[in-house]
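Asker: Before we start, here is the structure in question, set down as structure tokens.
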Amino acid sequence: MQDKTSAPSSASRKIRRLGIAVVLVVILYSAGWFFVASKIEAELDTRVANPASLGLSELICEAPKVEGFPFLIGATCARSALTTKSGLSASAGAARVAARIYAPTSAVAEVDSPGAVTGPDGSAAQATWKMLRAGVSAGLNGLSSLSLTGTDIRSGLRLAQSPVDLDVGAEEGQAHLRRVDRNLELAFLARKLTMSSETGEVLLPEISTSLEMRFDDQADVLAGKPLRLRASSGTITSFKIETGAGLFGELSGDFDIDEDGYLNGKFRVKLDDIDGWKTQLSALFSDAGDSISAVAALLKGLAKGDEDVKVTLRIDRGRISLSMIPLGRIPPL
């Protein structure tokens with residue numbers, strides 16, 4: 001006769017084996033996580049003790065700690081600061097960086113307000129923000145993308161070569177760099193950007209602006225190489241400006257910069273409300289009022305009296321022209 005208890009016993013053994021396997025996996029995973037965490041903590045201590053290995057003269061990470069178990073792994077500093085060998089120094093509040101265990105090629109870092117930067121020439125900036133976050137992704141060819149996002153940004157700037165201190169603010173700011181084949185794609189965004197002097201004089205009324213562009217054959221910027229302006233080329237996909245008064249403008253087109261630093265290009269420009277732009281720019285640049293009025297009249301003529309216009313702007317070795325009429329010159333970059 002068949003033993004009636006054999007089937008349940010077999011099922012119980014399978015469940016026990018599964019349970020044992022799960023426990024072993026958890027133990028091994030936990031041991032692996034804490035092993036990697038110990039290596040990260042040791043590496044962080046080494047870098048702080050020897051900042052020259054990162055090209056720095058000083059690196060501060062107060063109360064370093066590795067955390068994130070079980071699905072994240074990263075490090076935190078109660079306060080962060082660094083000084084480069086060239087004399088540039090920066091400091092901020094707590095800093096956190098973390099990566100997902102299942103996606104280790106991507107990481108996110110956050111830095112708490114306030115922050116300060118001092119340049120070798122004595123220029124300085126102090127800033128506060130609600131959120132400041134950076135993200136990086138890596139691939140087989142190294143770093144593939146870099147992004148920076150901040151909200152409620154307020155900054156005071158003191159430039160060594162300027163007698164006027166500046167107050168700059170923005171509701172939101174974003175910067176993104178991405179490798180596409182051998183090219184570098186960039187995107188920037190600023191919402192409700194303002195600039196004023198320390199005395200309260202408005203130097204730049206509220207605007208929102210965005211830029212999408214590409215530099216040819218410069219993906220190595222993501223590997224730490226400096227952006228090369230001279231002997232370069234690329235495309236401005238879209239450069240938009242919108243003022244707080246509702247004025248809108250957009251520019252796009254291909255460009256190149258020769259070995260002498262002169263800009264060349266052919267750009268499509270769209271402006272809404274020509275008279276509104278004339279009024280806004282004349283208030284900002286009162287000394288150039290006559291030139292601004294002349295350009296506005298030219299645009300109105302090209303638009304056949306309409307308030308909105310689409311024109312082609314040409315730049316040849318820095319010389320700007322519109323319909324064969326010279327408008328000015330851009331100095332070498």
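The values are calculated or read from the model by the stated rules, or taken from the named source; none is laboratory data. Remember, it's a predicted structure, so these values are computed and weren't measured experimentally. Cβ atoms come from the backbone with ideal geometry, glycine included; neighbour counts cover every protein chain shown. To get the accessible areas, we keep the full protein, side chains included, count just its heavy atoms, and leave off ligands, DNA and RNA. Shrake-Rupley method; radii C 1.70, N 1.55, O 1.52, S 1.80 Å.
Asker: When you scan region 307-321, how many residues do you find that are open to solvent by 80 Å² or more (accessible area, probe 1.4 Å) and either within 16 Å of TRP277 (Cα to Cα) or polar (S, T, N, Q) (or both)?
Answerer: Counting residues in region 307-321 that are open to solvent by 80 Å² or more (accessible area, probe 1.4 Å) and either within 16 Å of TRP277 (Cα to Cα) or polar (S, T, N, Q) (or both) gives 1.
Asker: Name the pairs: first residue in region 75-94 and free of Cβ contacts under 8 Å to residues at least 12 places away in the same chain, second residue buried (at least 18 other Cβ atoms within 10 Å of the Cβ) and part of a strand (DSSP E or B), Cβ to Cβ under 7 Å, at least 6 apart or on different chains?
Answerer: Pairs that qualify, where the first residue is free of Cβ contacts under 8 Å to residues at least 12 places away in the same chain and the partner is buried (at least 18 other Cβ atoms within 10 Å of the Cβ) and part of a strand (DSSP E or B): there are none.
Asker: Just wondering, is there one or more residues in region 252-265 that are within 21 Å of the chain's Cα centre (by Cα) and surrounded by 14 or more Cβ atoms within 10 Å (Cβ to Cβ)? If you could, list the steps in order and put the result at the bottom.
Answerer: Applying the first criterion (within 21 Å of the chain's Cα centre (by Cα)) to region 252-265 yields 252.
Those left that are additionally surrounded by 14 or more Cβ atoms within 10 Å (Cβ to Cβ): 252.
Yes - at least one qualifying residue is present in region 252-265.
Asker: Read through the list (1) in a helix (DSSP H, G or I); (2) closer than 28 Å to ARG100 by Cβ, then give the number of the only condition that ILE15 fails.
Answerer: (2)
Asker: On the given criteria, is GLU41 within 29 Å of MET131 (Cα to Cα) and assigned to a helix (DSSP H, G or I)? Write out each step before concluding.
Answerer: Values: within 29 Å of MET131 (Cα to Cα): yes; assigned to a helix (DSSP H, G or I): yes.
For GLU41, the condition - within 29 Å of MET131 (Cα to Cα) and assigned to a helix (DSSP H, G or I) - is met.
Asker: Counting residues that are touching a strand residue (DSSP E or B) at 6+ places or on another chain (Cβ under 6 Å) and polar (S, T, N, Q), which strands (runs of 3 or more DSSP E) fully inside region 232-319 reach at least 3?
Answerer: Where strands (runs of 3 or more DSSP E) fall fully within region 232-319 and carry at least 3 residues being touching a strand residue (DSSP E or B) at 6+ places or on another chain (Cβ under 6 Å) and polar (S, T, N, Q), they are 232-243.
Asker: Would you mind stating whether GLY328 is surrounded by fewer than 15 Cβ atoms within 10 Å (Cβ to Cβ), at positive phi and in a strand (DSSP E or B)? First the steps, then the outcome.
Answerer: Working: surrounded by fewer than 15 Cβ atoms within 10 Å (Cβ to Cβ): yes; at positive phi: yes; in a strand (DSSP E or B): yes.
Considered against the rule, which asks whether it is surrounded by fewer than 15 Cβ atoms within 10 Å (Cβ to Cβ), at positive phi and in a strand (DSSP E or B), GLY328 comes out as yes.
Asker: Pick from region 134-163 the residues that are of a type in the set (A, V, I, L, M) and part of a strand (DSSP E or B): which of them is most open to solvent (accessible area, probe 1.4 Å)?
Answerer: LEU148
Asker: Of ALA31, ALA78, ALA92, ALA99, which residue is of a type outside the set (Phe, Trp, Tyr), more than 30 Å from GLY122 (Cβ to Cβ) and surrounded by 12 or more Cβ atoms within 10 Å (Cβ to Cβ)? Working first, answer last.
Answerer: Details: ALA31 fails: surrounded by 12 or more Cβ atoms within 10 Å (Cβ to Cβ); ALA78 fails: more than 30 Å from GLY122 (Cβ to Cβ); ALA92 fails: more than 30 Å from GLY122 (Cβ to Cβ).
Every option except ALA99 fails the conditions.
Asker: While we're here: With LYS225, LYS240 as the choices, which residue is of a type in the set (Lys, Arg), under 27 Å from GLY265 (Cα atoms) and at pLDDT 95 or above? Quick ask: steps written out before the conclusion?
Answerer: Numbers: LYS225 fails: at pLDDT 95 or above.
The conditions single out LYS240.
Asker: Let me ask something else. Could we say that VAL221 is among the β-branched types (Val, Ile, Thr) and either in a strand (DSSP E or B) or open to solvent by 40 Å² or more (accessible area, probe 1.4 Å) (or both) here?
Answerer: Numbers: among the β-branched types (Val, Ile, Thr): yes; either in a strand (DSSP E or B) or open to solvent by 40 Å² or more (accessible area, probe 1.4 Å) (or both): no.
Judged against the criteria, VAL221 is not a match.
Yes or no, residue by residue, for (1) modelled with pLDDT under 90; (2) assigned to a loop (DSSP other than H, G, I, E, B); (3) not hydrophobic (A, V, I, L, M, F, W, C):
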{"position": "CYS61", "(1), (2), (3)": "no, no, no"}
{"position": "GLY74", "(1), (2), (3)": "no, no, yes"}
{"position": "ALA81", "(1), (2), (3)": "no, no, no"}
{"position": "ALA90", "(1), (2), (3)": "no, no, no"}
{"position": "ALA109", "(1), (2), (3)": "no, no, no"}
{"position": "SER113", "(1), (2), (3)": "no, yes, yes"}
{"position": "VAL117", "(1), (2), (3)": "no, no, no"}
{"position": "GLN126", "(1), (2), (3)": "no, no, yes"}
{"position": "LEU132", "(1), (2), (3)": "no, no, no"}
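Asker: Looking at GLU172, GLU198 in this structure, which one is without any contact (Cβ under 8 Å) to a residue 60 or more places away in the chain, surrounded by fewer than 16 Cβ atoms within 10 Å (Cβ to Cβ) and of a type in the set (Asp, Glu)? Outline the logic, then answer.
Answerer: Values: GLU172 fails: surrounded by fewer than 16 Cβ atoms within 10 Å (Cβ to Cβ).
Matching residue, one of GLU172, GLU198: GLU198.
Asker: Return the residues of region 34-67 that are under 25 Å from the mean Cα position of the chain (by Cα) and of a type in the set (Val, Ile, Thr); say none if nothing qualifies.
Answerer: Within region 34-67, ILE60 is the sole residue that qualifies.
Asker: Let me ask something additional. Scan (1) open to solvent by 50 Å² or more (accessible area, probe 1.4 Å); (2) on the phi < 0 side of the Ramachandran plot; (3) in contact with a helix residue (DSSP H, G or I) (Cβ under 9 Å, 6 or more places away or on another chain) for the single condition PHE215 breaks and write down its number.
Answerer: Tallying (1) open to solvent by 50 Å² or more (accessible area, probe 1.4 Å); (2) on the phi < 0 side of the Ramachandran plot; (3) in contact with a helix residue (DSSP H, G or I) (Cβ under 9 Å, 6 or more places away or on another chain), PHE215 fails exactly one: (1).
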